[in-house]
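J.: Here you go, one structure.
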Amino acid sequence: MRRLPAAATVFFLSVTGCAARELTSDERLDRETASPAVKDLPGAGELEKLSCENTAEELTKARNVNRPETDRLMDYINLYQSLVKRTQTFEEAMTRNPDLQYREGTVNMVAAKDVCIQQTADVRVEFETYMRELVNVPTVQEIKGGNTVTIARLDFDALRKAINTLEPDDKELLLNRVAGAEKKVASSKEEDTASGGGRGRRGK
């Protein structure tokens, strides 16, 4: 009863033999040990060119208190957007091809991605701090023709762009404050124009 029929025995040996050959075949060994060069991995080429360590010059310009406020703010905007784009490129490429994070030889790419993430976070803090300072004090007082007038501290469109770029939780509140400051400047300009026009007519 324990002995298998000859046909069944042949079938069993045939199946187990195939399984054994499949596990030890040269094809499977080649497939498991084959490892494409890092440069041949999808996305590796573009990532090798990316770096977020070369931001010192841009930050120095943005921090220079002797430069116009609008120029400084635009430098922060451009630098932050550039860092965000570089970080997203790293993350998207590594999501498409997870091997980029684990293959031997890609350690520099992973380190470069981490630098980008940290640099983006650091610049965002500095950029947002400056933006909020400008929103809190968007205008200054100036003596013009013997009158005190309210003028813009910087270009309000640049300030709005900064707010939209950062997308803070209180974005709408900040934009409303910029709009209020803009109206205040326009009103002061109208008053000054009317006053100056009246003096001009009286002088004629």
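J.: Test Leu134 against the stated conditions and say whether it is in contact with a helix residue (DSSP H, G or I) (Cβ under 9 Å, 6 or more places away or on another chain), farther than 22 Å from Arg177 by Cβ and part of a helix (DSSP H, G or I). Give the derivation first.
T.: Working: in contact with a helix residue (DSSP H, G or I) (Cβ under 9 Å, 6 or more places away or on another chain): yes; farther than 22 Å from Arg177 by Cβ: no; part of a helix (DSSP H, G or I): yes.
Spelling it out, it is not the case that Leu134 is in contact with a helix residue (DSSP H, G or I) (Cβ under 9 Å, 6 or more places away or on another chain), farther than 22 Å from Arg177 by Cβ and part of a helix (DSSP H, G or I).
J.: In this structure, is Asp114 under 20 Å from Ala62 (Cα atoms), under 22 Å from the mean Cα position of the chain (by Cα) and part of a helix (DSSP H, G or I)?
T.: Numbers: under 20 Å from Ala62 (Cα atoms): no; under 22 Å from the mean Cα position of the chain (by Cα): yes; part of a helix (DSSP H, G or I): yes.
The answer is no for Asp114.
J.: In the list Thr95, Thr165, Thr70, Thr129, which residue meets the criterion of being surrounded by fewer than 12 Cβ atoms within 10 Å (Cβ to Cβ), modelled with pLDDT of 95 or more and either of a type in the set (Lys, Arg) or part of a helix (DSSP H, G or I) (or both)?
T.: On the way: Thr95 fails: modelled with pLDDT of 95 or more; Thr165 fails: surrounded by fewer than 12 Cβ atoms within 10 Å (Cβ to Cβ); Thr70 fails: surrounded by fewer than 12 Cβ atoms within 10 Å (Cβ to Cβ).
It is Thr129.
J.: A further question follows. Looking at this structure, is Ala162 within 17 Å of the chain's Cα centre (by Cα), in contact (Cβ under 8 Å) with a residue 12 or more places away in the chain and under 30 Å from Glu53 (Cβ atoms)?
T.: Working: within 17 Å of the chain's Cα centre (by Cα): yes; in contact (Cβ under 8 Å) with a residue 12 or more places away in the chain: yes; under 30 Å from Glu53 (Cβ atoms): yes.
Here the answer is yes, as Ala162 does meet what is asked.
Results for (1) under 20 Å from Thr70 (Cβ atoms); (2) surrounded by fewer than 11 Cβ atoms within 10 Å (Cβ to Cβ); (3) acidic (Asp, Glu); (4) touching a residue at least 24 places away in the same chain (Cβ under 8 Å), shown as yes or no for each residue.
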{"residue": "Glu142", "(1), (2), (3), (4)": "yes, no, yes, no"}
{"residue": "Val149", "(1), (2), (3), (4)": "yes, no, no, yes"}
{"residue": "Leu154", "(1), (2), (3), (4)": "yes, no, no, yes"}
{"residue": "Ala181", "(1), (2), (3), (4)": "yes, no, no, yes"}
{"residue": "Val185", "(1), (2), (3), (4)": "yes, no, no, yes"}
{"residue": "Glu191", "(1), (2), (3), (4)": "no, no, yes, yes"}
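J.: Next question. Quick one: which residue in Val125, Val115, Val140 is β-branched (Val, Ile, Thr) and touching a strand residue (DSSP E or B) at 6+ places or on another chain (Cβ under 8 Å)?
T.: Working: Val125 fails: touching a strand residue (DSSP E or B) at 6+ places or on another chain (Cβ under 8 Å); Val115 fails: touching a strand residue (DSSP E or B) at 6+ places or on another chain (Cβ under 8 Å).
Unique residue meeting the criteria: Val140.
The values are calculated or read from the model by the stated rules, or taken from the named source; none is laboratory data. Since the structure is predicted, the reported quantities are computational estimates derived from the model, not experimental observations. With ideal geometry, Cβ positions are generated from the backbone for all residues, glycine too; neighbour counts draw on all protein chains shown.
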